[in-house]
Amino acid sequence: AQTVTQSQPEMSVQEAETVTLSCTYDTSESDYYLFWYKQPPSRQMILVIRQEAYKQQNATENRFSVNFQKAAKSFSLKISDSQLGDAAMYFCAYRGSYTGANSKLTFGKGITLSVRP
Amino acid sequence: EAQVTQNPRYLITVTGKKLTVTCSQNMNHEYMSWYRQDPGLGLRQIYYSMNVEVTDKGDVPEGYKVSRKEKRNFPLILESPSPNQTSLYFCASSLRGRDHVGVNSPLHFGNGTRLTVT
């Protein structure tokens, strides 16, 4: 079974600085998808960024980028120029490439990010 | 507007009183799923559905039922709620398919239902 590990429960960053959130996963599949979701106090689950395992290039979305290390099974999220609105809980998630049971998203336990003004 | 709609947003009930949390999506998604979120545990899948009349258990299905009679709706039923089902519940949907495009589709989440069972 696939597992996703976010070992840091909390992190803090100064406004305008850069922060990296760590995530590791375990899988025996060679093709899969990885996601970062943001959950602000409003409870919404907002997709931040996604990465296809078959792509070597790291995904970027404006101030958000990932460092995908397939061999190490590592998928970290870097937030540049942190803003107060980035304060939220962030979840790393894994989704297999096949239909059936592997269609589910397996989540890490989340990390709470606070941004200091 | 493309969305997943859950109702109610907040629900307080007593042990043993049957309840239903509704979920509806307007994106013609085949795949729908229910998750519960608990502190320190992240989100865990309760049930999922690959299409109409096709449902299956997730990781924590005990005490829950679902049905998928129509493509757009996927209600979560608690026949006899207990206090350990107090949680934040999310419904989610996505495309599915046998190619990368379908399966790569990210999950679209509803706004969550905060359930308290006393």
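How many residues does the range A:33-59 hold that are surrounded by 12 or more Cβ atoms within 10 Å (Cβ to Cβ) and closer than 19 Å to residue B:35 by Cβ?
Count: 15.
Going through the range A:74-88 one residue at a time, which ones are open to solvent by 60 Å² or more (accessible area, probe 1.4 Å) and either within 21 Å of residue A:109 (Cα to Cα) or out of contact with any strand residue (DSSP E or B) (no Cβ under 6 Å at 6 or more places or on another chain) (or both)?
Restricting attention to the range A:74-88, the residues satisfying the condition of being open to solvent by 60 Å² or more (accessible area, probe 1.4 Å) are A:78, A:81, A:83-84.
Selection gives A:78, A:81, A:83.
Going residue by residue through the range A:5-17, is there one that turns out to be aliphatic (A, V, I, L, M), in contact (Cβ under 8 Å) with a residue 12 or more places away in the chain and surrounded by fewer than 17 Cβ atoms within 10 Å (Cβ to Cβ)?
At the first step, the residues of the range A:5-17 found to be aliphatic (A, V, I, L, M) are A:11, A:13, A:16.
Right, trim to in contact (Cβ under 8 Å) with a residue 12 or more places away in the chain and you get A:11, A:13, A:16.
Next, only the ones that are surrounded by fewer than 17 Cβ atoms within 10 Å (Cβ to Cβ) stay: A:11, A:16.
Checking the range A:5-17: at least one residue is aliphatic (A, V, I, L, M), in contact (Cβ under 8 Å) with a residue 12 or more places away in the chain and surrounded by fewer than 17 Cβ atoms within 10 Å (Cβ to Cβ).
If a residue counts only when it is facing chain B (nearest Cβ under 9 Å), which strands (runs of 3 or more DSSP E) contained entirely in the range A:23-117 have at least 3 such residues? Walk me through how you get there before you give the answer.
Values: elements: A:24-26, A:32-39, A:46-52, A:64-69, A:74-79, A:88-96, A:105-107, A:111-116.
Fully inside the range A:23-117 and qualifying: A:32-39, A:46-52, A:88-96, A:105-107.
Condition (residue is touching a Lys or Arg at 6+ places or on another chain (Cβ under 7 Å), modelled with pLDDT under 95 and of a type outside the set (A, V, I, L, M)) applied to the range B:56-78: is it met by at least one residue?
Among the residues of the range B:56-78, at least one is touching a Lys or Arg at 6+ places or on another chain (Cβ under 7 Å), modelled with pLDDT under 95 and of a type outside the set (A, V, I, L, M), which makes the answer yes.
Among A:87, A:59, A:71, which is touching a Lys or Arg at 6+ places or on another chain (Cβ under 9 Å) and free of Cβ contacts under 8 Å to residues at least 60 places away in the same chain?
Details: A:87 fails: touching a Lys or Arg at 6+ places or on another chain (Cβ under 9 Å); A:71 fails: touching a Lys or Arg at 6+ places or on another chain (Cβ under 9 Å).
Answer to the check: A:59.
The values are calculated or read from the model by the stated rules, or taken from the named source; none is laboratory data. The structure presented is a predicted model; accordingly, all values stated were derived computationally and were not measured. Neighbour counts run over all protein chains shown; Cβ positions are idealised from the backbone, glycine included. Ligands, DNA and RNA are excluded from the accessible area calculation, which covers all protein heavy atoms including side chains. Shrake-Rupley method; radii C 1.70, N 1.55, O 1.52, S 1.80 Å.
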